[in-house]
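Peer 1: Can you read through this structure? Questions will come right after.
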Amino acid sequence: MKLTILGCYAATPRTITNPTSQVLEIKNHLFLIDCGEGTQVQLRKSKVKFSKINHIFISHLHGDHFFGLVGLISTFMLLNRINDLHVYGPKGIKEIILIQLRAGNSFTGYNLYFHELESKESEIVFEDEKVIVKTIPLNHRIYTNGFLFQEKNKERKLNIEKIEEFGIDVVYYQKIKYGSGITLENGTFVPNELLTFDSEPEKSYAFCSDTMYDEQLIPHLAGVDVLYHESTFLENDLNLAERTKHATAIQAATIAKKSGVKHLILGHYSTRYESIDVFKTEAETVFSPVLLADDGKAFEF
């Protein structure tokens, strides 16, 4: 599981920072999460192949989280994209994007599907044999969702040494991976436990931006491997966090601790601060380990 931060600063783009956007690589999927201005440039800097992006998840309709979307959709068209593109976001996102495309007489040569969200309860928005994605209802000034990405590791790992010892043909490998035992030509049954190892633990990633401190998040985040939680403000600006429905670094760390997550990544920093290092310092008074997101930074778990 690899997370690449394209942008992680709040509100306005600057020459040295970008608004929210990130790429999650999980189980051979490449998911784009939020799409602030500058996302295309950051994708190129990070050498992410545009053609591999088939699913885009938008948390809410504040500009610093989706103003780059119509440009990316248009660029896909200019690059003669063929693959279907799925966009998951709040109700209204379809109308916004289609108005922009229609006004510019720009229409995609590929299928563009919008999955509009309006439920205030967690729901499954994507699922296949490898990954499941659920919404995480967030508490912000407008309708907002976070997203929980979970691996589905159904395949067991082959014990090649044992398989060769029993002389089992390669044509049975897939069957063995999915838990079956094998009956040999002499009638001996070999149970799956002798032929495989346990599968890798299923990894999970939760994206929570933007939101105020809200303990209703805890059941949705319980035990996740990696939590990205907004930390727009430091504790001495708690009043601003409460007024704008954002969170402080200490509040993010408190949610991480109470949820029992394994790693916390901070982001969505207000640009009022000269350095982001103090976010880590404050958060680690409550929880560890704390990682700091920054534009262009990649994490592998």
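Peer 1: Which one is right for this structure if Cα Rg over 2.2 N^0.38 Å is calculated from it: [x] 1.14; [y] 1.03; [z] 0.98?
Peer 2: Checking each listed value against the structure points to [x].
Peer 1: Below 15 angstrom from the Cβ of Arg141, what's the summed charge of the other residues (Lys, Arg +1; Asp, Glu -1)?
Peer 2: Around Arg141, the charge tally is -2.
Peer 1: I need the phi-derived Karplus couplings for region 196-211: 6.51 cos²θ - 1.76 cosθ + 1.60, θ = phi - 60°, integer Hz, Gly and Pro marked x.
Peer 2: Couplings: 9, 10, 4, 5, 4, x, 6, 8, 9, 9, 10, 10, 10, 7, 9, 6 Hz.
Peer 1: Then there is this: Ordered by residue, what ³J(HN,Hα) values in Hz, to whole numbers, does region 131-141 give under the Karplus form 6.51 cos²θ - 1.76 cosθ + 1.60, where θ = phi - 60° and Gly and Pro are x?
Peer 2: Karplus-based 3J(HN,Hα) across region 131-141 equals 9, 10, 10, 10, 7, 10, x, 10, 10, 10, 6 Hz.
Peer 1: In debye, nearest 20: dipole of the chain around its Cα centre with unit charges on the Cβ of K, R (+) and D, E (-)? Please report the intermediate quantities before stating the final value.
Peer 2: Working: 32 positive and 39 negative charges, 155 e Å.
Taking the Cα centre of the chain as origin, the dipole is about 740 debye.
Peer 1: Sorting check: for 248-254, 21-27, which peptide has the highest mean count of neighbouring beta carbons within 10 Å, and how do the rest follow?
Peer 2: Working: 248-254: 25.3, 21-27: 22.1.
The most tightly packed comes first, giving 248-254, 21-27.
Peer 1: Which shape class, rounded, prolate or oblate, goes with region 158-301 when its Cα gyration tensor gives a ≥ b ≥ c as root eigenvalues, a/c under 1.5 marks rounded, and past that a/b bigger than b/c marks prolate?
Peer 2: Because a/c hits 1.5 or more and a/b exceeds b/c, region 158-301 counts as prolate.
Peer 1: Evaluate E = 1/(1 + (r/R0)^6) for Asp84 and Asn186, where r is the Cβ-Cβ distance and R0 equals 51 Å; express this FRET efficiency to the nearest 0.05.
Peer 2: Calculated transfer efficiency: 0.55.
Peer 1: How would you rank 262-268, 160-166, highest first, on the average number of other Cβ atoms within 10 Å across their residues?
Peer 2: Going by the mean number of other Cβ atoms within 10 Å, highest first, we get 262-268, 160-166.
Peer 1: Here's a follow-up. Ordered by residue, what ³J(HN,Hα) values in Hz, to whole numbers, does region 40-45 give under the Karplus form 6.51 cos²θ - 1.76 cosθ + 1.60, where θ = phi - 60° and Gly and Pro are x?
Peer 2: 4, 5, 5, 4, 5, 4
Peer 1: Here is a further query. With every protein chain present, what accessible area does Ser288 have (1.4 Å probe, heavy atoms only), rounded to the nearest 10 Å²?
Peer 2: Surface accessible to solvent at Ser288 totals approximately 80 Å².
Peer 1: In this model, which of Lys91/Lys257; Lys134/Lys258; Lys130/Lys245; Lys94/Lys134; Lys27/Lys52 are farther than 23 Å apart at the alpha-carbon? Before the final figure, lay out each step's value.
Peer 2: Numbers: Lys91/Lys257 33 Å; Lys134/Lys258 20 Å; Lys130/Lys245 35 Å; Lys94/Lys134 20 Å; Lys27/Lys52 13 Å.
Among Lys91/Lys257; Lys134/Lys258; Lys130/Lys245; Lys94/Lys134; Lys27/Lys52, the Cα-Cα distance tops 23 Å for Lys91/Lys257; Lys130/Lys245.
Peer 1: Might you work out the accessible area of Lys177 for me, using a 1.4 Å probe with all protein chains in place, and round it to the nearest 10 Å²?
Peer 2: Spelled out: Lys177, probe radius 1.4 Å, area about 60 Å².
Peer 1: Also, I was wondering about something else. Specify the angular offset, from 0 to 90 degrees and rounded to the nearest 10, of the alpha carbon long axis of helix 93-103 from the longest principal axis of the alpha carbons in the chain.
Peer 2: 70
Peer 1: Could you order peptides 144-150, 289-295 by the average number of other Cβ atoms within 10 Å of their residues, highest first?
Peer 2: Highest mean packing first, the order is 144-150, 289-295.
Peer 1: Largest first, what is the accessible-area ranking of Tyr143, Tyr273, Tyr205 with a 1.4 Å probe?
Peer 2: Tyr143, Tyr273, Tyr205
Peer 1: Report, ordered by chain and residue number, the aspartates and glutamates lying within cross-link reach of Lys49, taken as a straight Cα distance under 20 Å and ignoring same-chain residues fewer than 8 apart.
Peer 2: Straight-distance partners of Lys49: Glu25, Asp34, Glu37, Asp84, Asp295, Glu300.
Peer 1: As a check on your grasp of the helix formula, calculate [θ] at 222 nm for the chain: sum -39500 (n - 2.57) over DSSP H runs of n ≥ 4, divide by the residue count, round to the nearest 500.
Peer 2: On the way: 11 runs with 76 residues, N = 301.
Result for the chain: -6500 deg cm²/dmol, rounded to the nearest 500.
Peer 1: Could you report region 104-161's accessible area per residue, 1.4 Å probe, as an integer in Å²?
Peer 2: On the way: 3130 Å² over 58 residues.
Normalised by residue count, the accessible surface of region 104-161 is 54 Å².
Peer 1: Here's something else I'd like to know. Roughly how tilted is helix 69-78, in degrees to the nearest 10 and between 0 and 90, from the longest Cα axis of the chain?
Peer 2: Taking the Cα atoms of the chain, the angle to 69-78 is about 60 degrees.
Peer 1: Report, to the nearest 10°, how far helix 249-259 tilts away from the longest principal axis of the Cα atoms in the chain, using its own Cα long axis and a range of 0 to 90°.
Peer 2: Between the helix axis and the principal axis of the chain, the angle is about 30 degrees.
Peer 1: Mind grabbing the base-10 log of I(q)/I(0) for region 255-301 at q = 0.13, 0.19, 0.21, 0.29 Å⁻¹? Debye formula, identical points on the C-alpha positions, no solvent, two decimal places.
Peer 2: -0.31, -0.64, -0.77, -1.20
Peer 1: In what sequence, largest accessible area first, do Leu238, Leu32 appear using a 1.4 Å probe?
Peer 2: Leu238, Leu32
Peer 1: Of the accessible area of the chain, with the probe set at 1.4 angstrom, what percent is carbon plus sulfur?
Peer 2: Here carbon and sulfur together make up 49 percent of the probe-accessible area.
The values are calculated or read from the model by the stated rules, or taken from the named source; none is laboratory data. Here the structure is a predicted model, which is why all the values come from computation and not from measurement. Cβ atoms come from the backbone with ideal geometry, glycine included; neighbour counts cover every protein chain shown. For accessibility, only protein heavy atoms count, side chains too; no ligands or nucleic acids. Shrake-Rupley method; radii C 1.70, N 1.55, O 1.52, S 1.80 Å.
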